[in-house]
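The values are calculated or read from the model by the stated rules, or taken from the named source; none is laboratory data. In this text the structure is predicted, and so the values were computed from the model without any measurement. Cβ placement follows ideal geometry from the backbone for every residue including glycine, while neighbour counts extend to all protein chains displayed.
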Amino acid sequence: MSLNSESDQSFESRLASYSQSAGEAVKKSGNLAASSGYFAGAAAVLSLGSTEAEGALVLGDLNVVLDPTSGNSLSVDIDIPDFGHPSRDFVFQAHLDEAGVGDRDWFRMGGENGNLVAGRIYSAGFNYVSRLSLGDTLNAALNFIDGDSTSDSYLASSQHPSYPASGEWLGGNTGFVGFELNDPSGTLYGWLEVRVDADNGGGEIIGYGLETDPAADNVTITNVPETNSIACLALGAAGLLGWRQRRAVGA
């Protein structure tokens with residue numbers, strides 16, 4: 001069942017449909033996990049409320065950890081599936097104890113193939129990536145930097161002899177990197193959820209969100225419930241619907 005094909009239905013009717021399907025699936029299978037698709041659908045309806053979703057939002061997990069050993073660097077390519085470049089949209093790099101530069105630790109990234117990230121230019125060859133939060137808005141008014149350059153756009157960098165130990169991610173932070181994705185359909189806005197280690201010399205690319213409608217001028221950074229939360233939300237939705245139906249019959 002596709003939410004997109006049911007835009008003419010009310011929130012309540014869609015919730016009823018998913019809840020009924022979930023209940024029937026549980027009765028037939030006796031297995032809660034086997035009905036997770038229906039629960040996910042019901043939870044998605046709950047997240048929509050009485051309005052349609054903002055364009056066509058795609059979210060995904062990445063769970064890529066960069067944890068270099070002392071004196072070494074690590075690098076990883078990040079691709080947003082089915083959008084942007086076929087193989088590589090961003091590159092992340094981490095270095096711990098960079099000898100010759102004051103044993104500097106750093107975690108940096110860059111847009112590839114015409115993609116940009118939200119940030120600010122500090123000086124030639126040294127930029128800072130902005131740390132955004134849930135609820136922040138992505139649009140053309142943000143300052144986007146670092147097209148086709150993997151180096152020298154830092155989430156965090158410490159002990160550099162020429163540049164300040166600075167950055168909005170410095171000292172260990174989790175947040176969101178806003179980006180403009182260069183897609184054949186047009187410019188798409190999205191975000192990467194990123195964690196920077198307390199030593200600034202590594203971190204994790206947790207996941208991504210992407211608004212796939214190039215006409216969407218304002219995109220809000222959001223989260224989706226984890227798998228267990230989806231099931232709980234859907235079960236709650238089914239129970240609420242049943243209570244309302246019983247109440248209506250008894251009225």
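The rows are residues; the columns are (1) closer than 18 Å to Tyr189 by Cβ; (2) assigned to a loop (DSSP other than H, G, I, E, B).
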| position | (1), (2) |
| --- | --- |
| Gly84 | yes, yes |
| Asp97 | no, no |
| Gly102 | no, yes |
| Tyr128 | no, no |
| Ala141 | yes, yes |
Going through segment 133-162 one residue at a time, which ones are modelled with pLDDT of 95 or more and surrounded by 21 or more Cβ atoms within 10 Å (Cβ to Cβ)? Leu138
Scan segment 170-183 and give yes if some residue there is assigned to a loop (DSSP other than H, G, I, E, B) and at pLDDT 95 or above, otherwise no. no
For a quick check of your reading of the model, give me the residue pairs whose first member lies in segment 194-205 and is without any contact (Cβ under 8 Å) to a residue 12 or more places away in the chain, whose second is surrounded by 21 or more Cβ atoms within 10 Å (Cβ to Cβ) and assigned to a strand (DSSP E or B), with beta-carbon atoms closer than 9 Å and at least 6 apart or on different chains. none
Across segment 106-125, the tally of residues that are in a loop (DSSP other than H, G, I, E, B) and surrounded by fewer than 24 Cβ atoms within 10 Å (Cβ to Cβ) stands at 5
Look at segment 78-105 and say how many of its residues are surrounded by fewer than 14 Cβ atoms within 10 Å (Cβ to Cβ) and under 20 Å from the mean Cα position of the chain (by Cα). 4
Hits in segment 50-84 - residues which are within 25 Å of Phe176 (Cα to Cα) and either at pLDDT below 50 or of a type in the set (Asp, Glu) (or both): Glu52, Ala53, Glu54, Asp61, Asp67, Asp77, Asp79, Asp82
